[in-house]
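The values are calculated or read from the model by the stated rules, or taken from the named source; none is laboratory data. None of these values were measured; they are calculated from a predicted model. Here the Cβ positions follow ideal geometry from the backbone for every residue, glycine too, while neighbour counts run over all protein chains shown. We work out accessible area using only protein heavy atoms, side chains counted, and drop any ligands, DNA or RNA first. Shrake-Rupley method; radii C 1.70, N 1.55, O 1.52, S 1.80 Å.
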Amino acid sequence: MKPFRILTASTLATLFAAAAQAQTISITNRTYGTIATIPGAQSIIDTQLDTLQSEINKALPGWESNKVANATALAGSGLGADYSDVFSWALLGGNVGVSAGSNIFSFMKGDAKLDTLPAVGAQGNVLLGFNLGQLAKAKFGFFDMSKLKVYASFFSYSHNINFDDFGLDASVSHWSLKGQYKLFSGVGPGLARWTGVDITSGLSQSKTTLKLSTSISQSVDVDGVPGVTSFSFTGKPVIDIDSSVFVIPVDVSTGVQLGYFLNLYAGLGLDFVFGSSKIPAADFGDISGSGAAASEITADVLLSETSGSPTVANMRYFAGLGLDGKVIGTFVQFNGNVTGQLGGTVGVRAYW
């Protein structure tokens, strides 16, 4: 059988961080008319339809909603705060984060099949940071305002991609509010300074909606059924994906500054993730046949509704390297979590 072109579009859809559960296509509502009275005819037809159905589902990526949601959360984990302690008053930056399942390396080398394609997440933001310690010196019990930095980030993006045989409408939005408290102050000279220990927490939300349309043309020959030579499916189905995830992170981080311009940092985090993802049921059309008796054979091609929730509590680890230009800097950060996602974050920032 010829491969379905929907596979290419499905692969592209993962790059937009859709929290999608494994899709299941069914060929259902089968009718056979008088052909059902011919001995063995119905069994032949069902075998062909079952084979077609199996090939479609076997080839599609076996995404699970919680894994994609975890990847989405991990992609945004390095966006909402600065961990390298580079600014004194304020910060403005832009960041991009990506993540994927741990088998992404074997997949990229060609050792894995499409049905093992890992869950992939992506995020971006514009980040604003302020050091409240420069404005407020008040203390409230053990809490010292002079040790607090606050961050706000946001991101919204819509894009349409059209190729010869498929199209994708994507809309992504993200926001976060975070606070970072200096639990232990840094010490040391500029050539080798320990930055101390920071605790970072807050709230973020990521939303992704996708509308994927693709052309499908598939036919199967039929032998052994009088009056039926083949049946086929041709159409342009649309798959809608709707995902919304809230994340409450709790990070503990530390680092060192070397030679006035190099920052190294690392930390552990616990993400509390809430939300859901859903792919509504869709009618892709019906099966048509050729031959004198083909009109008696009918069947529908249906996408079943799928939904799921992310892992509520997910342990995370991260490490990064930053170049500090005193006014403009850049960084790269590695991220990972215990449920098997790996990722990275890169960004550029201006600060004072």
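Within the stretch 283-325, being part of a loop (DSSP other than H, G, I, E, B) and touching a helix residue (DSSP H, G or I) at 6+ places or on another chain (Cβ under 9 Å) holds for 293, 297, 309, 310, 311. Here 217, 201, 243, 206 are screened, and the one residue that is surrounded by 15 or more Cβ atoms within 10 Å (Cβ to Cβ), out of contact with any Phe, Trp or Tyr (no Cβ under 6 Å at 6 or more places or on another chain) and under 26 Å from residue 284 (Cα atoms) is 243.
Residues in the stretch 170-195 that are within 33 Å of the chain's Cα centre (by Cα) and within 16 Å of residue 88 (Cα to Cα): 179, 180, 181, 182, 195.
Is it true that some residue in the stretch 160-177 is under 26 Å from residue 74 (Cα atoms), without any contact (Cβ under 8 Å) to a residue 24 or more places away in the chain and either open to solvent by 40 Å² or more (accessible area, probe 1.4 Å) or not acidic (Asp, Glu) (or both)? I'd like the intermediate steps shown before the answer.
If we filter the stretch 160-177 for residues that are under 26 Å from residue 74 (Cα atoms), which is where we start, we get 160-161, 168-177.
Okay, now just the ones that are also without any contact (Cβ under 8 Å) to a residue 24 or more places away in the chain, so 160.
Right, trim to either open to solvent by 40 Å² or more (accessible area, probe 1.4 Å) or not acidic (Asp, Glu) (or both) and you get 160.
For the stretch 160-177, residues under 26 Å from residue 74 (Cα atoms), without any contact (Cβ under 8 Å) to a residue 24 or more places away in the chain and either open to solvent by 40 Å² or more (accessible area, probe 1.4 Å) or not acidic (Asp, Glu) (or both): present.
Of all the criteria given as (1) of a type outside the set (Gly, Ala, Ser); (2) over 30 Å from residue 35 (Cα atoms); (3) touching a Gly at 6+ places or on another chain (Cβ under 6 Å), the one not satisfied by residue 297 is (2).
Within the stretch 238-256, residues that are more than 30 Å from residue 321 (Cβ to Cβ) have Cβ atoms under 8 Å from residues that are hydroxyl-bearing (Ser, Thr, Tyr) and outside any strand (DSSP E or B) in these pairs: 243/72, counting only partners at least 6 apart in sequence or on another chain.
In the stretch 225-232, the condition of being open to solvent by less than 10 Å² (accessible area, probe 1.4 Å) and among the aromatic types (Phe, Trp, Tyr) is met by at least one residue.
Restricting the first member to the stretch 309-321 and to residues that are within 11 Å of residue 264 (Cα to Cα), and the second to residues that are among the β-branched types (Val, Ile, Thr) and not in a loop (DSSP other than H, G, I, E, B), the beta-carbon pairs closer than 6 Å and six or more apart or on different chains are 321/332. Residues of the stretch 228-264 that are small (Gly, Ala, Ser) and farther than 30 Å from residue 331 by Cβ: 230, 232, 235. Would you check if residue 300 is open to solvent by less than 50 Å² (accessible area, probe 1.4 Å), over 28 Å from the mean Cα position of the chain (by Cα) and closer than 30 Å to residue 88 by Cα? No: the conditions fail for residue 300.
Taking the options 12, 79, 74, 52, name whichever one is in a helix (DSSP H, G or I) and at pLDDT 80 or above. So that I can check it myself, show each step before the final result.
Numbers: 12 fails: at pLDDT 80 or above; 79 fails: in a helix (DSSP H, G or I); 52 fails: at pLDDT 80 or above.
Just one listed residue meets the conditions, 74.
When the residues of the stretch 326-352 are filtered to those that are assigned to a loop (DSSP other than H, G, I, E, B) and modelled with pLDDT of 90 or more, the one that is farthest from residue 259 (Cα to Cα) is 352.
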